[in-house]
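A quick write-up on the structure given underneath.
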């Protein structure tokens, strides 16, 4: 966080992008522990989950890129509240 502030990033925007990126990583194979845990709990094989999951991951990645490139999307409401 201190490095992001030194580089001129808004701390709120940086935090939102980091949280979204961690959520993306939690469900993206091959290291997505959330995906493995979900498959284990539900009893569904990984090969049956990957194809439908690609749609979610693409939309999520697109949202992360959009929010990262246009900081106003994630900071306009807090700015109205005085942050």
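Fully extending the segment from residue 61 to residue 5 would add 17.8 nm, taking 0.36 nm per residue of separation and subtracting the current Cα-Cα distance. With Cα atoms as the point set, the range 2-69 shows a radius of gyration and Dmax of 14.9, 47 Å. Relative contact order for the range 2-69: 29 percent, from Cα pairs under 8 Å spaced at least 6 residues apart, divided by residue count. Rounded to the nearest 500, the helix-only mean residue ellipticity at 222 nm of the chain stands at -25000 deg cm²/dmol, with each DSSP H run of n ≥ 4 adding -39,500 (n - 2.57).
Taken together, the values in this text are just the output of simple stated rules run on the coordinates, not laboratory data. None of the values given here were measured: they were computed from a predicted structure.
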